[in-house]
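Chemist: So that we are looking at the same thing, I have put the structure below in structure tokens.
The values are calculated or read from the model by the stated rules, or taken from the named source; none is laboratory data. Since the structure is predicted, the reported quantities are computational estimates derived from the model, not experimental observations. For neighbour counting, all protein chains shown are included, and Cβ atoms are generated from backbone atoms with ideal geometry for every residue, glycine included. For the accessible areas, the whole protein counts, side chains as well, though only heavy atoms, and no ligand, DNA or RNA atoms are used. Shrake-Rupley method; radii C 1.70, N 1.55, O 1.52, S 1.80 Å.
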Amino acid sequence: MRFRSPGMRPVRAVLGHVRGAPGTCLWLAALFVTTIALRHMSPEFAADFLRQRSTNIHELSANPRRVLMTSAFWIDGGSWLSYAVLYALFHAPAERWLRTWRWLVVAFGTHVAATFVSEGALLWAIRHDYAPRAAVNTLDVGVSYALAGVVAVLTYRIARPYRYLYLLVVLVLYGAPLLDRRTFTDLGHFASVLIGLAWYPLTRGRGGAPWNPADAARTAVGRARGGFARRPRPGFRTGRPRRAPFRNSASPKRARP
């Protein structure tokens with residue numbers, strides 16, 4: 001019989017998570033290292049350092065391959081912990097569902113395509129005097145385009161009719177800022193959602209039933225009730241009388257007349 005220590009359960013859970021989504025875990029690890037590195041830079045040096053790895057018009061014209069790769073490993077604003085939560089909620093389930101190479105195509109493909117959409121719109125605005133010439137050097141790094149694409153492609157993982165509600169929420173969350181602020185970054189985010197939805201052919205033929213939120217909620221409630229259910233006390237058996245703590249082996253003497 002193989003003995004398993006209860007203290008190893010968290011370790012096994014972490015290892016199982018890493019094996020199921022290795023790309024997500026490696027990406028998060030790289031973001032952690034680069035975030036720590038940025039904190040040890042001066043603000044002026046960090047801004048110039050990130051600008052050289054930014055997917056702005058100037059760098060895309062000079063070094064498109066390099067900046068498209070390096071820009072996806074830096075976080076401009078926000079905390080690493082918040083991204084870790086988002087990666088666990090969206091990237092990891094998508095990678096386990098699509099497998100690593102399909103998930104990578106969705107994430108990196110969306111990152112590249114949305115970058116060209118947003119920067120192409122900015123270039124058009126500069127040429128028609130709707131944006132200043134200095135905008136060619138705008139700082140543009142981060143992983144939000146890839147995240148938006150993965151959030152969108154997970155629509156096909158959810159069972160009907162809940163997927164339509166999920167899609168509506170995603171469209172509102174990414175469409176409302178575009179209508180309000182009308183920035184080129186917001187345009188890139190909304191384009192990422194549309195590009196993520198266009199990856200539907202990669203989702204076809206994936207095994208397993210679609211994720212049903214109602215079934216998941218019922219399972220969670222059932223587990224919660226089972227965890228709080230009252231357990232029988234030691235020594236108590238259903239259908240049998242409870243034994244006395246001490247048993248007298250001597251029979252009682254009858255009184256003589």
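Chemist: Taking the criterion of being outside any helix (DSSP H, G or I) and open to solvent by 60 Å² or more (accessible area, probe 1.4 Å), would at least one residue in the range 71-85 satisfy it?
Modeler: Checked against the condition, which is being outside any helix (DSSP H, G or I) and open to solvent by 60 Å² or more (accessible area, probe 1.4 Å), the range 71-85 yields at least one hit.
Chemist: State the number of residues belonging to the range 129-170 that are in contact with a helix residue (DSSP H, G or I) (Cβ under 8 Å, 6 or more places away or on another chain), among the hydroxyl-bearing types (Ser, Thr, Tyr), closer than 26 Å to Asp215 by Cβ and open to solvent by 20 Å² or more (accessible area, probe 1.4 Å).
Modeler: The qualifying residues number 3.
Chemist: Considering the range 40-87 alone, what residues qualify as being farther than 19 Å from Thr115 by Cα, hydrophobic (A, V, I, L, M, F, W, C) and within 21 Å of the chain's Cα centre (by Cα)?
Modeler: Within the range 40-87, Trp80, Leu81, Ala84, Val85, Leu86 meet the criteria.
Chemist: For Ile126, work out the one condition from (1) open to solvent by 40 Å² or more (accessible area, probe 1.4 Å); (2) in contact with a Lys or Arg (Cβ under 9 Å, 6 or more places away or on another chain); (3) not aromatic (Phe, Trp, Tyr) it doesn't fulfil.
Modeler: (1)
Chemist: Which is touching a Gly at 6+ places or on another chain (Cβ under 7 Å), over 26 Å from Pro132 (Cβ atoms) and open to solvent by 80 Å² or more (accessible area, probe 1.4 Å), of Arg65, Arg96?
Modeler: Result of the check over Arg65, Arg96: Arg96.
Chemist: Looking at this structure, is Thr115 of a type in the set (Ser, Thr, Tyr) and farther than 19 Å from Ala30 by Cβ?
Modeler: The answer is no for Thr115.
Chemist: Restricting attention to helices (runs of 4 or more DSSP H) lying wholly within the range 110-226, give those where 3 or more residues are of a type in the set (Phe, Trp, Tyr) and without any contact (Cβ under 8 Å) to a residue 60 or more places away in the chain.
Modeler: Helices (runs of 4 or more DSSP H) meeting the threshold: 162-180.
Chemist: Here is a follow-up. Phe108: under 18 Å from Ala198 (Cβ atoms), of a type outside the set (Asp, Glu) and open to solvent by 50 Å² or more (accessible area, probe 1.4 Å), yes or no?
Modeler: So Phe108 fits the description; yes.
Chemist: If you don't mind, another one. Go through the range 88-111 and give me each residue that's among the aliphatic types (A, V, I, L, M) and under 12 Å from the mean Cα position of the chain (by Cα).
Modeler: Residues satisfying the conditions are Ala88, Leu89, Ala92, Ala94, Ala107.
Chemist: List every residue pair whose Cβ atoms lie under 6 Å apart, where the two residues are 6 or more positions apart in sequence or sit on different chains, the first residue falls within the range 32-60 and is over 21 Å from Ser79 (Cβ atoms), and the second residue, located anywhere, is open to solvent by 60 Å² or more (accessible area, probe 1.4 Å) and part of a helix (DSSP H, G or I).
Modeler: Every condition considered, the pairs that remain are Asn56/Asn137; His58/Asn137.
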